[in-house]
Amino acid sequence: MNEQLYPLLSKIRSPAELRELDEEQLVEVSNELRRYLIESVATSGGHFGAGLGCVELTVALHYLYDTPHDRLVWDVGHQAYPHKILSGRAENITTIKKIRGLAPFPKREESPYDTFGTGHSSTSISAALGMAVAAAEKGEDRRCVAVIGDGAMTAGMAYEALNHGGDLDTNLLVVLNENQMSISPNVGAVTKMLGRLMSGPTVTGIRERSKSMMQRDSRTWRFMSRWEEHVKGMVMPSTLFEELGFNYLGPIDGHDLPTLVRTIRAARDVDGPNLLHIITEKGKGYAPAEADPVKYHAVGPFDPIRGVEPKSENDQPPPTFTEVFGEWLCDMAEQDPALMGITPAMREGSGMVAFHDRFPKRYFDVGIAEQHAVTLAAGMACEGAHPVVAIYSTFLQRAYDQLIHDVAIQNLPVLFAIDRAGLVGPDGPTHAGSFDLSFMRCVPNLVIMAPSDENECRRMLYTGFKHQGPAAVRYPRDCGSGVEIDKRMEAITLGQSRTLRKGRGTAILAFGSMVQPSLEVAKRIGATLIDMRFVKPLDRNAILEAAANHKLLVTVEENAAAGGAGSGVGELLAAEGVSVRILNIGLEDRYVQHGTRSECLHLAGLDAEGIFDRINPVRPGTDVRQNAAQ
């Protein structure tokens, strides 16, 4: 780090050194931290807007709390880049999301300052409360802070934790960092309520000034506290948090560092559950991010002077599966007025921007509330609507009970468009869709499909949409193969595979994203290749025929090998009494860390090279000893 550009920040190797500074120096530290964050993310890419919005908060918390002895828990983790810089990782911040670099979110193995691993939203209050309860039980003098924001208050889990925490005397500070944004603008009645709280500066000013003048045990304090409740009831729309048992402070300007330090210091020294509500601006300090916080939520490398620039027409890759889904959704909605699109706060990520713009009355963003999204769809289906739930694989995990109980048991026609299936690359294991085939395959009534290219994706979406029961189409965070897209709406016969290549000795049964690399391997070793298409129902006839005519069956999937599609093939063969050698290739029993998607696939052995290396030593006609010698 350049000491001339960052004279204070360059000397901070840990929060302990930050705490040695005079309080008057914190504003300059914040200014340097914001500039360094802009410079570093412009170099490497990464989550951007949320970190810019919580620079002052990060400085204040590390200055006032004895971290890491005091526990600081960040929700989601998008906001944690300034935290990583202040906690000894400044020199490595440009490695974030890169293979063998810093993790994109807080990670316990990476630093003692990362007290709780995150990635999914709305876990911070529960985790910090658990830490506080454990510390109290052991008699440890430890303070615990949960920082929640960036849309995480739209999820029910946050209120479950507040409901519990407010009923305890545990020392806990919840900082509600309200910026009106997750990735997209926040939605829902609670968000509107919090927004209205921002318009109460008079009450807030009276409150803060009075608290600074009074002692908590004075008669005046007790009187003013009672008076305040009456005034808030008249001026503010809600006392939700105090009704839940939290001492509510705010709202205050989260970029006013002196006020922030003063208020957090007061909250730190008050026993019991406290909630500090601060107002911040996502992208603060970088004009393009302030103007377009959605675009600058997460970015690739960019020129900090010009900002993020659109790719040229000559640099356009094939459409992603996400884009294919988004286009199909609009095409299908034109044909069927009963189609309803649902997303848990993933409008941009799931490719639903055009659908939102063209069919706003049939678009439902429920916030970060995956459970509600699935049961909402079930309710719609009960009344004759045709709901499509666009959801990331890793987030569907949070709605597994609703998938089973509310949709599958009732055999309701809900289509799940499951994005980010398999390895996602830079976001790492918290966002990888490694388990959906395993956890869905055992659910009765559910049809599961995996497309190998753009046209297969459209046909499967249509097949699932027209199916009179629950169906799922899962696809990766990746581009398609570049085939010319056929926009006709055509269904596929349930459970029907397609043979792409006939060979001898070995038959490769590939699922979804693994078809293309498996095709390379099949050509190289002269094997049969079958695009299985369906994980459930499996193509029984194709599997039995392959077993009868080949000495080795190989299944390849971008999912956990345990309980996945390959396991289904093995179960079918066992049930039929067929004995044939079978090799299941999939994700091994470990988490694949972050890197580019291609790097992660290589590490997992799921690129063409890795698939060949697994098959070649055991395929018929191969001299294993000769291969070992080579």
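The values are calculated or read from the model by the stated rules, or taken from the named source; none is laboratory data. Keep in mind the model is a prediction, meaning the values are calculated, not measured. Cβ sites come from the backbone with ideal geometry, for glycine too, and all protein chains shown count toward neighbours.
State the number of residues belonging to segment 470-501 that are more than 30 Å from residue 428 (Cα to Cα) and either part of a loop (DSSP other than H, G, I, E, B) or polar (S, T, N, Q) (or both).
Applying the first criterion (more than 30 Å from residue 428 (Cα to Cα)) to segment 470-501 yields 484-501.
From what is left, the residues that are either part of a loop (DSSP other than H, G, I, E, B) or polar (S, T, N, Q) (or both) are 484-497, 499.
Number of matching residues: 15.
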When you check residue 417 against the structure, is it assigned by TED's automatic domain parsing to the domain that holds residue 333, of a type in the set (Gly, Ala, Ser), surrounded by 22 or more Cβ atoms within 10 Å (Cβ to Cβ) and in a helix (DSSP H, G or I), yes or no? no
Count, please, the residues in segment 547-566 that happen to be more than 17 Å from residue 611 (Cα to Cα) and assigned to a helix (DSSP H, G or I). 3
When residue 407 is evaluated against the numbered criteria (1) out of contact with any Lys or Arg (no Cβ under 9 Å at 6 or more places or on another chain); (2) under 18 Å from residue 345 (Cα atoms), which criterion, by number, is the only one it fails? (2)
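Would you please name the residue that is nearest to residue 375 (Cα to Cα), looking only at residues in segment 300-330 that are part of a loop (DSSP other than H, G, I, E, B) and touching an Asp or Glu at 6+ places or on another chain (Cβ under 8 Å)? Step through it out loud before you land on a result.
Let us first name the residues in segment 300-330 that are part of a loop (DSSP other than H, G, I, E, B), namely 300-302, 304-306, 308-312, 316-319.
Keeping just the survivors that are touching an Asp or Glu at 6+ places or on another chain (Cβ under 8 Å) gives 302, 304, 309, 318-319.
On the way: 302: 40, 304: 43, 309: 40, 318: 34, 319: 31 Å.
So, considering only residues that are part of a loop (DSSP other than H, G, I, E, B) and touching an Asp or Glu at 6+ places or on another chain (Cβ under 8 Å), the one nearest to residue 375 (Cα to Cα) is 319.
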Looking for whichever is part of a loop (DSSP other than H, G, I, E, B), assigned by TED's automatic domain parsing to the domain that holds residue 156 and among the β-branched types (Val, Ile, Thr) here; the options are 115, 94. Which one fits? 115
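Which residue out of 267, 333 is part of a helix (DSSP H, G or I), touching a residue at least 60 places away in the same chain (Cβ under 8 Å) and either small (Gly, Ala, Ser) or assigned by TED's automatic domain parsing to the domain that holds residue 463 (or both)? Spell out the reasoning first.
Numbers: 333 fails: touching a residue at least 60 places away in the same chain (Cβ under 8 Å).
Criteria check complete, one pass: 267.
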Quick check: is even one residue across segment 398-414 touching a residue at least 40 places away in the same chain (Cβ under 8 Å) and closer than 13 Å to residue 513 by Cα? no
Which pairs have Cβ atoms under 6 Å, sit 6 or more apart or on different chains, and link a residue in segment 356-369 that is without any contact (Cβ under 8 Å) to a residue 40 or more places away in the chain to one that is of a type in the set (Ser, Thr, Tyr) and in a strand (DSSP E or B)? 356/363
Here the residues within segment 47-59 that are outside any loop (DSSP other than H, G, I, E, B) and either touching a Gly at 6+ places or on another chain (Cβ under 9 Å) or among the charged types (D, E, K, R) (or both) are 47, 49, 50, 52, 53, 55, 56, 57, 58
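Scan segment 517-546 residue by residue and report those that are free of Cβ contacts under 8 Å to residues at least 40 places away in the same chain and not in a strand (DSSP E or B). Show your work before the answer.
Looking only at segment 517-546, we keep the residues that are free of Cβ contacts under 8 Å to residues at least 40 places away in the same chain, and these are 519, 522-523, 526, 528-530, 541, 543-546.
Answer for segment 517-546, where residues must be free of Cβ contacts under 8 Å to residues at least 40 places away in the same chain and not in a strand (DSSP E or B): 519, 522, 523, 526, 541, 543, 544, 545, 546.
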Could you identify the single residue in 578, 569 that is among the aliphatic types (A, V, I, L, M), modelled with pLDDT of 95 or more, outside any helix (DSSP H, G or I) and over 29 Å from the mean Cα position of the chain (by Cα)? 578
Given the conditions (1) within 30 Å of residue 594 (Cα to Cα); (2) surrounded by 24 or more Cβ atoms within 10 Å (Cβ to Cβ), report the number of the one that residue 507 does not fulfil. (1)
